[in-house]
């Protein structure tokens, strides 16, 4: 166990002055990986990422990024353990112990070599230390500029695009989930792999692409293939009477249109041949599309529905419609973080609505390209999407327009019956388990079935 240097004095995590784990700096390396804090193995050996997480990183994720240990700088945002544990004091408390420790450690020990083109920040503590931003789940998969002394945090009025040739303290930060999270939620492997692949793409200069110019004039002809997105004001009283604000289109050659409703609604495009229209959550946009083109000549593709077929069952999360779904998120923000060609845009909804709208269409196009490639590699899922799920978009749209005739008395009786059955099932489960298990908690149920009962966990796909 290494002693802490004199520069650690004054840090709230100084403790007994032992257990320092210095960064491993490789001069000439183009990438630096920054974790959160060392574990027990790291403390004992005085080297970062030599435990279980380091093994996963070297063997499972460095190859995706085109990296190799010994040719990449590696370190942590905090260079010691707190109270002999792998945990850190929480961020955002009144005492601000974590923030003080991060600031002290950064000033005393962080050195980013001038050769560094990209810093990979694993987890919330690394992200906060390097950029000043918080919330790794919202930033993962995206580039963020470094926070330098005396400069403001990243402004949320534009799409951050890295400066060509920026290195060292000017290098961009790629936010990723900490790899230790895999030990608690294996489903995170899917977005994690996508994030680490971006390292090689960034170094090759193929990601992120710059935001293309936006055309605010309506297209003269409807494109044969395009992504279609709308911004509208929902009518909470009369479903189907939402007020259209603007329309966005993106074509495969990255031509992006963002047109105000008053301009585009003057058109009724005549289609001489079938067209393919890509949408995120088609039931919400089909009504507006029908005001512009003849739906009989449209084949719509729904990125949200297609992704739900591929990755339903990987984790618990909210989908774009706000309902609880068993699977990876299917929101455009999540899909864009996997497949998008440009950097993060969802933060622009208020301050730069034109770019926000246009990039929603472009990112829908990007997402469909990635998702369709996955469908091609999985013929069973592709068949389910095309024959069972995709047709649902129009059914859901028509149901929202016209409503469904419901036997209220029958519904009430079924609800009562289901409540009784649920109570009975809960009592039986609690009697079998021996403690008050909550059947509504997938975490409790899966922990009982897989960890305690020893049942084999299901596949995470489909």
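The values are calculated or read from the model by the stated rules, or taken from the named source; none is laboratory data. Keep in mind that this is a model prediction, so the values were computed, not measured. Methodologically, a virtual Cβ is constructed for each residue, glycine included, from the backbone with ideal geometry; neighbour enumeration extends over all protein chains shown.
Side notes on the structure shown:
A quick yes/no check of all residues on (1) over 21 Å from the mean Cα position of the chain (by Cα); (2) buried (at least 16 other Cβ atoms within 10 Å of the Cβ); (3) at pLDDT 95 or above; (4) more than 20 Å from residue 331 (Cα to Cα):
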{"residue": "187", "(1), (2), (3), (4)": "no, yes, no, no"}
{"residue": "197", "(1), (2), (3), (4)": "no, yes, yes, yes"}
{"residue": "226", "(1), (2), (3), (4)": "yes, yes, yes, no"}
{"residue": "291", "(1), (2), (3), (4)": "yes, no, no, yes"}
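- Only listed residue being in contact (Cβ under 8 Å) with a residue 24 or more places away in the chain, part of a loop (DSSP other than H, G, I, E, B) and farther than 24 Å from residue 207 by Cβ, chosen from 19, 70, 75, 28: 70
- Total residues in segment 96-109, condition under 24 Å from residue 25 (Cβ atoms), touching a residue at least 60 places away in the same chain (Cβ under 8 Å) and surrounded by fewer than 17 Cβ atoms within 10 Å (Cβ to Cβ): 1
- The residue that is surrounded by the most Cβ atoms within 10 Å (Cβ to Cβ), counting only those in segment 31-63 that are assigned to a strand (DSSP E or B) and out of contact with any helix residue (DSSP H, G or I) (no Cβ under 7 Å at 6 or more places or on another chain), is 33.
- Condition check for residue 161: touching a strand residue (DSSP E or B) at 6+ places or on another chain (Cβ under 9 Å), at negative phi, surrounded by fewer than 18 Cβ atoms within 10 Å (Cβ to Cβ) and assigned by TED's automatic domain parsing to the domain that holds residue 39: yes
- Within segment 272-284, the only residue that satisfies the criterion of being surrounded by fewer than 16 Cβ atoms within 10 Å (Cβ to Cβ), under 14 Å from residue 295 (Cβ atoms) and in contact (Cβ under 8 Å) with a residue 40 or more places away in the chain is 276.
- The single condition from (1) out of contact with any strand residue (DSSP E or B) (no Cβ under 6 Å at 6 or more places or on another chain); (2) under 30 Å from residue 446 (Cβ atoms); (3) surrounded by 22 or more Cβ atoms within 10 Å (Cβ to Cβ); (4) modelled with pLDDT under 95 that residue 337 fails is (4).
- Of all residues in segment 182-238, those satisfying the criterion of being assigned to a helix (DSSP H, G or I) and free of Cβ contacts under 8 Å to residues at least 40 places away in the same chain are 189, 201, 204.
- Whichever residue in segment 342-377 is in contact with a helix residue (DSSP H, G or I) (Cβ under 7 Å, 6 or more places away or on another chain) and in a loop (DSSP other than H, G, I, E, B) and, among such residues, is farthest from residue 283 (Cα to Cα): 342
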